[in-house]
1. Once both labels are modelled 7 Å past Cα along the beta-carbon direction, what's the K109-R36 spacing in nm?
2. For T40, what accessible surface area do you get with a 1.4 Å probe? Give it in Å², rounded to 10.
3. At a probe size of 1.4 Å, how large is the accessible area of F48, to the nearest 10 Å²?
4. I'd like to check one number: the per residue accessible area of the range 1-141, probe 1.4 Å, reported in Å² as a whole number.
5. Looking only at the range 88-115, which residues have a backbone nitrogen under 16 Å from a spot 7 Å from the Cα of L24 in the C-beta direction?
6. Could you tell me the convex hull volume per residue, in Å³, taken over the Cα atoms of the range 17-88?
7. In nanometres, what is the gap between the two model label sites at W17 and A187, each 7 Å from Cα along Cα-to-Cβ?
8. Within the range 1-139, what whole-number % of the accessible surface is contributed by carbon and sulfur, with the 1.4 Å probe and all protein chains included in the calculation?
Amino acid sequence: APGWLVTAAHCVGQEGWISVQATLGSKDSGHPGAVRRTVTAAVCHERFDPRSLAYDVALLKLDHPLPADFPLLRLATTEEISDLSRGVAALSAGWGRVSKREISRHLRKARVEVVCVGESGAPLVADLGRGPALFGVFSSVDDYYDAGKDEMVELCHGFEARSYFTGLRGLRRWIDSVIALCSRAPASCAAVP
């Protein structure tokens with residue numbers, strides 16, 4: 001929806017959050033034409049488990065809706081999710097960490113092969129013939145940070161890491177109900193970390 005984003009619950013859950021700024025519509029986070037929005041509330045799925053990352057999905061309410069002509073990514077339909085199978089190529093994108101202290105200014109993307117189902121909260125997008133759709137959000141990846149060198153290991157240079165995504169199968173009703181509730185009763189979506 002124009003006033004909402006989908007992300008991973010662990011990004012805004014348990015320990016809370018202080019401030020979240022969304023940058024959209026540009027591959028360069030510093031580009032003056034990028035659309036910027038501040039998150040005013042985060043709603044984690046009620047069954048989110050930070051230990052297992054089950055139901056690792058949250059909705060972020062934006063301070064202002066996106067422009068009417070802004071291209072929104074639709075949620076995959078139940079049929080598309082059922083058709084998503086092993087070996088399908090999908091796309092994940094996000095700004096991503098390039099070191100312990102630095103986040104990339106340029107949008108990074110990776111083609112991923114779906115095995116069972118970057119950057120926390122990044123989208124998992126696939127096109128099964130009906131246009132691109134959101135199938136899930138990034139939850140975790142096998143360790144690939146080299147603490148001794150304070151740098152990320154280049155995944156594209158022979159190091160293989162398995163990424164884990166929270167699928168959105170069966171969550172459309174939850175997403176719609178959260179948006180409807182927060183529209184009717186904004187106080188229920190108070191920005192309390």
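1. Rounded to a tenth, the inter-label distance reads 2.4 nm.
2. Accessible area, nearest 10 Å²: 50 Å².
3. 30 Å²
4. Dividing the accessible area of the range 1-141 by its residue count gives 57 Å².
5. The answer is 93-95, whose backbone nitrogens lie closer than 16 Å to the label point.
6. Once divided by residue count, the hull of the range 17-88 is 178 Å³.
7. Here the answer is 2.4 nm between the modelled labels.
8. That fraction is 52 percent.
The values are calculated or read from the model by the stated rules, or taken from the named source; none is laboratory data. Keep in mind that what you see is a predicted model, and the values were worked out from it rather than measured. Cβ coordinates were reconstructed from backbone atoms using ideal geometry, including for glycine residues, and neighbour counts include every protein chain displayed. Remember, those area values only see protein heavy atoms, side chains included, never the ligands or the DNA or RNA. Shrake-Rupley method; radii C 1.70, N 1.55, O 1.52, S 1.80 Å.
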